[in-house]
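Colleague: I have a structure here, written as structure tokens, and I will follow up with some questions on it.
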Amino acid sequence: MTIKSDLISKVLRNPRGGVSAVVLLVVIICAVFAPLIAPYAYDVQALRNANLDPSWTNWMGTDEFGRDLFSRIIYGARTSLSVAVTAISISVAVGMSIGAAAGYFGGMFDRVVTAAVDLTWSFPEILIALILIAIIGPGLNSTMIAISIAYLAQFTRLTRAQVMALKNETYVEATANLGAGHTHIIFRHLLPNALTPVIVAGMLATGDAIILEATLGFFGLGAQPPTPSWGAMMSSGTAQIFIAPWIIIFPGLAIAITVIAINLFGDAVIEALDIRNRLRDS
Amino acid sequence: MLTFVIKRLASLVPVFLVVSMIIFMIIHLVPGDPIDSIVQIGSTPEQKAELTAKYGLDKPLIVQYGIWLAKLATGDLGEAIILRQPVSTLIAQNLPHSLILGTLALVFSTIVGIAAGAVAAIWKDGFVDRAVMGIILLGSTVPSFWLGLLMILLFAVQLGWFPVSGARSWSALVLPVLTIGFGGVALVARVTRVAMIDIARRDFVMMLHAKGVPAWRIQLQHILRHALLPVVTILSLRIGWILGGAVTIEYVFARPGLGSLLITSLNQRDYPVVQGCLLMLAIAVMLGTLIGDIVQAAMDPRVRERMS
Amino acid sequence: MRSTTKAILLCGSALLSVALLSGTAMAQDVTFVMPARDVGAPSYNPIKGTRLNAATTLIYDRMVIQDADQSFHGQLATSWETTSDGMSWTFKLKPNVKFHDDEPFNAETIVWWVPKFKGTENAFMTDAIEKVEVIDPLTVKFVMKNPDPNLLFNMASSFMGIPSPKAFDAMGDRFGVSAAVGTGPFKLESFAVGQQTVLVRNDAYNSASKLSTNQGPAKLKKITLREIPDDSTAFLELKTGGVDMLLSVPTDFLPRLSAERATKVVTLPGTEVYYMPMNTSVEPFTDIKVREATAFAINQKEILASLFGGVGAEANTFLIGGLAEAKVDPKFRIAYDPARSRKVLDDAGWALGPDGVRAKGGVKLQVKLWTQNGTEFKRITEVVQAQLKAVGIGADITVFDAATITAQYRKRTEHQLAVRVYSWANADILDWFFSGKRLGHPNHAMWNDPASEALNEKAMKGSRNWDERVTNFRAYHENLLSQFVFAPIYQPVQNFAYADARLSVPATIRGTRLQSQTVVDIEKK
């Protein structure tokens, strides 16, 4: 427990870590308590008030259906965060399992996994996601699946490298010599030690996943109307770009602020844990 | 060294076969078919069936794959169903645009990234480091299409310096290159910075300092040079991005390119074109990885031993 | 070393020439932007192509063309007549016309041309023609299998552009892709699908129709037609001087365009209808009451006023307003009537629930509302969703790409409601959408009713002349309206925008679209 609180205070004392933690907390609160915070409903149309400039009543103006943009951005945090976090969690869980098995058992399975990972890792995530969504159809669930598969290679690769490195350490070899089973070694010794870098990498990837979700939204995939998502809002805003540029500017800023905060926070954690080398070696 | 290259090349053959199979199957998993896009208002269901047979789409998938592979062996990528041209012609029309855009963006992000990373590493933890890395971080934390749209609004519409879209002049390349390049700077800069800081701690650097070699010379001649190895490795693995990763930006700037061709054909289910584009990308990715290995091997004999 | 220097010099001069070219626009050289829906049209082959873009009529002339009021005028044909039984048509041809490759155009061309459609995707257009006979070198007679009152309409379509027989036969499948040879006012210089088409003037052009003021070669010397998929990008190009004219502008852009003094907008009646098919084979739309309520919940007026700034027209039938078959008995017209919607639903036992969605016997009136990618689609669909909600029908939107949505329709039972658009200026579209032969796709309504089928048969096959055809199709149309198989939504107009400082465009566009008859009159200032 002391290690954990020590870590938290280390991260928060770092100025970048502290500020980004506060920003992230605000975004998360917006996402969770959207109905309480948003001044208007996200889906009520008032076509007569379409494309209004930002004002005291509509802080960020209104969109093409006269809906309050500020409220939609608050609700949008919900969509963007939940898609990114769920997708990356799935990706981390699956990637860790495959990576650990490949790294630990080696052999043919490892070679197949490595080849597959090498190939997809160098493939642009956006193309992987676009093709997958074409197959499984549009919508929030398929966006999550597509994003989690697009990032799978990264976590598989990282876990595999961690496990390979740990496998040869003396204490693991000693445990194996004492007759411990594979399951015991993988779950009790290898994964817990490999976990930290993978989780941190997952945290950083959440930022990328938010951008990927926005890009898919820009192509009209992802969240289905009227559900607000930052990407979808920018997508419909492009048609209004010359009369109401704020429709794309504000969601873009929301993404930028959130992703920067995630990155800075991630960096602070990496520094506090001093694991930069382990992340890089993969 | 030559045996190393040949061995690595040979190992790619089975990978290539599996990849071609996956590519073929994956596009046929997508619901819908290209024939719907080419039947006319007024035509009958029988005419549709005739067309389906004409393009061989009524045969079992595995037979279709065999036919495709056999053609591929003779270097024939097939004929586009909807675009009605040889796939190779279509790729030849689009690939140069992707190559130019991708290469220039890569050059931009490499030069700016290495410079920024070096500056940040030399003044590590100081104000310069924070400022440089902060600005660069921005590039990788905004969606590229958003950055592109804002660039169009500012530099093309307000200031009128560059064309809004297209690929008809060199000036039309500036905004897309900047948009993609800015996104890549952060990666290169981070890798450079960390590598340089790392190398600066090594014994040989300490020795150079002790010998009284000027600090700037140590930084540029010794540390930066060694730091380039991880940068090259990272970049060679990103070759897929050069060819296909620009699809969003190609859309925003209405530019032709391999990514746009792939996505348009995917939307129309023009199977042969999708297969051809994906195959090109896969080959590029495999070659990129190979080149990365070779460069690493050439720069570091230990790698050569480990890999051969 | 020397080769490097040479390469650098070459690169430098290439750069320089690009800079010079882009800097000095030459006289009578213009850049147009192709309509967004034409992006990716794969070839200029009128016989075998299934998608032709707006530049096709600039390369090929047709026998007859239409004016904006749908009337027919001669182009390569100077006059024509038909017998009273509709079993033969005689066309007189324009003399001294030559193809771009110097081949002559005459009766032999037509004899070669008509049979070429056999076995192609466009075969149905000439299906009714038994054979073509030469009367004299400039007169041909079509002997018909059965009367086809629609013959002139088909002849006026872009697919009836006449290619040079010699070039067509010599080039095979490459025709229309690497080269295209017609008699039209422009020759194809280069074509890169999805990117651009470059046309140069045919200086020997002499087959302009009476719809054009300019009877000689075109005024413009070179037209570059760019393909830009995104309308806002195209608009920004026009605004910043990158292009001279947009061949299509979404109607919702018009309020913005009117604020731009440098651009002028020309408008033509549209050939499109936005509509919402209802799958009559699945619950709850098997019940005509629910279909009726759904159709009358659509507020056409609000959509026209709020989304499109009042430009265009409400759609109250299934056909474009300009067609005689659309002039139905007023009692069949479908126009917003929320009171009627609510009453019909109440009567049918759908009671309003606390969440504003109706329910009957524990089943909620919550339906699927599909739409396609594209700003206009999504905007209309989101408003329709809100309008349905207002009468107590809940709708969940899913946005598909065109190919996926078609695959879904083919499953026949997956879809319920969808927002769609078609572009067609003939009543036979009703056969395409409602014939029992095409259930699933394109018969999205899954309509297969004996009474309707009989009316369809009569309209399609039982009409000897145009007036009979109108009467028969009107009866079929009224029958379909009374069954509420579609909910009509909106009729856009066609808009063109050009830079006033750089182009002079005739005040009236002659034709149902912007085609060669008007383009030969366009001039650079």
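Where a number appears in this text, it was derived from the coordinates with a stated rule and is not lab data. Please read all numbers here as calculations on a predicted model, not as lab measurements. With ideal geometry, Cβ positions are generated from the backbone for all residues, glycine too; neighbour counts draw on all protein chains shown.
Colleague: For a quick size check, give me the Cα extents of the range B:102-173 along its three principal axes, largest first, whole Å.
Modeller: Its Cα atoms span 43, 23, 20 Å along the three principal axes.
Colleague: Next up: Subtracting the Cα-Cα distance from 0.36 nm times the residue separation, let me have the gained length for C:A192 to C:K219 in nm, one decimal.
Modeller: So the chain would gain 7.3 nm between C:A192 and C:K219.
Colleague: Further question: Angle between the Cα long axis of helix B:45-54 and the longest principal axis of chain B, 0 to 90 degrees, nearest 10?
Modeller: Orientation of helix B:45-54: about 60 degrees from the principal axis.
Colleague: Whole Å is fine, so just give me how far the alpha carbon centre of the range C:137-194 lies from that of the range B:77-125.
Modeller: The two parts, judged by their Cα centres, are 41 Å apart.
Colleague: Translational diffusion coefficient of chain C at 4 °C, 1.567 mPa s, Stokes-Einstein with Kirkwood Rh over Cα pairs, in µm²/s as a whole number.
Modeller: Using the Kirkwood radius from Cα pairs, D works out to 51 µm²/s.
Colleague: Once the convex hull of the alpha carbons of the range C:104-211 is built, what does its volume come to per residue, in cubic angstrom?
Modeller: About 139 Å³ per residue, rounded to a whole number.
Colleague: Which Cα, out of C:V140, C:F105, C:M125, lies furthest along the positive dipole direction of the range C:100-193 (beta carbon charges, K/R +1, D/E -1)?
Modeller: C:M125
Colleague: How crowded by other chains is A:132-142, given as the mean number of beta carbons from other chains within 10 Å of each beta carbon?
Modeller: The shielding value for this peptide is 4.
Colleague: Quick one: angle between helix C:288-297 and the longest Cα principal axis of chain C, in degrees between 0 and 90, rounded to 10, please.
Modeller: Tilt relative to chain C: about 60 degrees.
Colleague: Tell me the label-point distance for the pair C:I135, B:I26, using the 7 Å Cα-to-Cβ offset, in nm and rounded to one decimal.
Modeller: If labels sit at C:I135 and B:I26, their model points lie 6.2 nm apart.
Colleague: Fewest Cβ neighbours within 10 Å first, please rank C:H415, C:H477 accordingly.
Modeller: In increasing order of surrounding Cβ atoms, one gets C:H477, C:H415.
Colleague: What size of dipole, in debye to the nearest 20, comes out for the protein assembly as shown about its Cα centre when the only charges are +1 on Lys and Arg C-beta atoms and -1 on Asp and Glu C-beta atoms?
Modeller: 2280
Colleague: Report the rotationally averaged projected area of the range A:231-279 based on its alpha-carbon convex hull, in square nanometres.
Modeller: Projected over every direction and averaged, the Cα hull of the range A:231-279 covers 4.1 nm².
Colleague: So for the range B:1-96, considering every pair of alpha-carbon atoms, how many percent are separated by more than 22 Å?
Modeller: The share of Cα pairs beyond 22 Å in the range B:1-96 comes to 45 percent.
Colleague: With N denoting the number of residues in the range C:369-409, provide Rg(C-alpha) divided by 2.2 N^0.38 Å, to two decimal places.
Modeller: The value comes to 1.21.
Colleague: Sticking with this one: How big is D, in µm² s⁻¹, for the range A:116-184 by Stokes-Einstein at 4 °C and 1.567 mPa s if Rh is the Kirkwood radius over C-alpha pairs?
Modeller: D = 90 µm²/s.
Colleague: Here is a follow-up. Sketch the reach of a paramagnetic label on C:A262 as a point 7 Å from Cα along Cα-to-Cβ, and name the residues of the range B:154-181 whose backbone nitrogen lies under 17 Å away.
Modeller: What the label zone holds, given the 17 Å backbone N cut-off, is B:154-165.
Colleague: Same structure again: How many Cβ atoms of partner chains, on average, are near each residue of B:130-141 if near means within 10 Å of its Cβ?
Modeller: Rounded to a whole number, the mean comes out at 3.
Colleague: Something else now. So, R0 is 25 Å and r is the distance between the beta-carbons of B:K59 and C:A402; what FRET efficiency does that work out to, to 0.05?
Modeller: Efficiency computed from Cβ-Cβ geometry: 0.50.
Colleague: How big is the dipole moment of the range B:57-153 about its Cα centre under a simple scheme where the beta carbon of each Lys and Arg is +1, that of each Asp and Glu is -1, and everything else is neutral? Debye, nearest 20, please.
Modeller: Once rounded to the nearest 20, the dipole reads 20 debye.
Colleague: Percent of Cα-Cα pairs per 10 Å bin, from 0 to the last occupied bin, for the range A:163-280, please list those.
Modeller: P(r) over the range A:163-280, rounded to whole percents: 12, 28, 21, 18, 13, 7, 2, 0.
Colleague: With only alpha-carbon atoms counted, please give the Rg and Dmax of chain B, in Å.
Modeller: Answer for chain B, Rg first and Dmax second: 24.0, 87 Å.
Colleague: With unit charges on the beta carbons (Lys and Arg positive, Asp and Glu negative) and the dipole taken about the Cα centre of the protein assembly as shown, which residue among C:A295, C:Y205, A:M144 sits farthest to the positive side?
Modeller: Final value for the positive-end residue is A:M144.
Colleague: So for chain C: antiparallel DSSP bridges make up what percent, rounded to the nearest 5?
Modeller: Looking only at bridges with both residues in chain C, the antiparallel portion is about 75 percent.
Colleague: Specify, per residue and in Å³, the volume enclosed by the convex hull of the alpha carbon atoms belonging to the range B:197-306.
Modeller: 137
Colleague: Now for a separate question. What are the radius of gyration and Dmax of the protein assembly as shown, computed over its Cα atoms and given in Å?
Modeller: Here Rg and the maximum Cα pair distance are 32.0, 109 Å.
Colleague: Then there is this: Would you calculate the convex hull of the Cα atoms in the range B:17-167 and tell me its volume per residue in Å³?
Modeller: 214
Colleague: If you don't mind, another one. If I model a spin label at C:R51 and B:I135 as a point 7 Å from the Cα along the Cα→Cβ vector, what separation in nanometres do I get?
Modeller: That separation, rounded to one decimal, is 4.4 nm.
Colleague: Can I ask one more? Looking only at other chains, what is the average number of their beta-carbon atoms within 10 angstrom of each beta-carbon in B:20-28?
Modeller: If you average over the peptide's residues, the count of other-chain Cβ atoms is 1.
Colleague: Same structure, new question: Can you give me the Cα centroid spacing of the range C:75-124 and the range C:372-398 in angstrom?
Modeller: Computed from Cα coordinates, the inter-centre distance equals 47 Å.
Colleague: Let me ask another. Can you give the Rg to Rh ratio for the range C:291-430, taking only C-alpha atoms and Rh from Kirkwood?
Modeller: 0.97
Colleague: Mean residue ellipticity at 222 nm from the helices of the protein assembly as shown, using -39,500 (n - 2.57) per DSSP H segment of n ≥ 4 over the full residue count, to the nearest 500 deg cm²/dmol?
Modeller: The helix contribution divided over the protein assembly as shown gives -16000 deg cm²/dmol.
Colleague: Taking a quarter of the surface of the Cα convex hull of the range B:225-270, what do you get in nm²?
Modeller: 4.1
Colleague: Moving to a separate point now. Say R0 is 51 Å: what FRET efficiency, to the nearest 0.05, do A:D118 and C:S79 get from their beta-carbon distance?
Modeller: E between A:D118 and C:S79, to the nearest 0.05, is 0.10.
Colleague: Mind ranking B:254-264, C:379-389 by how tightly packed they are, going by the mean number of other C-beta atoms within 10 angstrom, highest first?
Modeller: B:254-264, C:379-389
Colleague: Counting just the Cα atoms, what span does the range C:37-84 cover along each of its three principal axes? Round to the nearest Å and put the largest first.
Modeller: 42, 23, 20
Colleague: Please report, in Å, the Rg and the Dmax of the range B:132-192, where both are computed over Cα atoms only.
Modeller: Over the range B:132-192's Cα set, Rg and Dmax evaluate to 12.6, 36 Å.
Colleague: How fast does chain A diffuse by Stokes-Einstein, in µm²/s, taking the Kirkwood radius from C-alpha pairs at 37 °C and 0.692 mPa s?
Modeller: Estimated diffusion coefficient is 160 µm²/s.
Colleague: Turning to a different aspect of this structure: As a test of the definition: which semi-axes, in Å, follow for the range C:316-360 when you take the square root of five times each eigenvalue of its alpha carbon gyration tensor? Largest first, please.
Modeller: 32, 10, 8
Colleague: Sticking with this structure for a sec: Determine, for each peptide in A:74-85, C:456-467, A:150-161, the mean count of other beta carbons within 10 angstrom over its residues, then list the peptides with the highest first.
Modeller: A:150-161, A:74-85, C:456-467
Colleague: If you don't mind, another one. What percentages make up the Cα-Cα pair-distance distribution of the range C:196-311 when the bins are 5 Å wide from 0?
Modeller: Going from the shortest bin to the longest, the percentages are 2, 8, 12, 12, 13, 13, 11, 9, 7, 6, 4, 2, 0.
Colleague: Taking the 0 to 90 degree range and rounding to the nearest ten, how far is the long axis of helix B:171-200 tilted relative to the main principal axis of chain B, both from C-alpha atoms?
Modeller: Compared with the principal axis, the helix lies near 40 degrees.
Colleague: Can you give the FRET efficiency to the nearest 0.05 for B:A70 and B:A115, using r as the Cβ-Cβ distance and R₀ = 45 Å?
Modeller: FRET efficiency, B:A70 to B:A115: 0.35.
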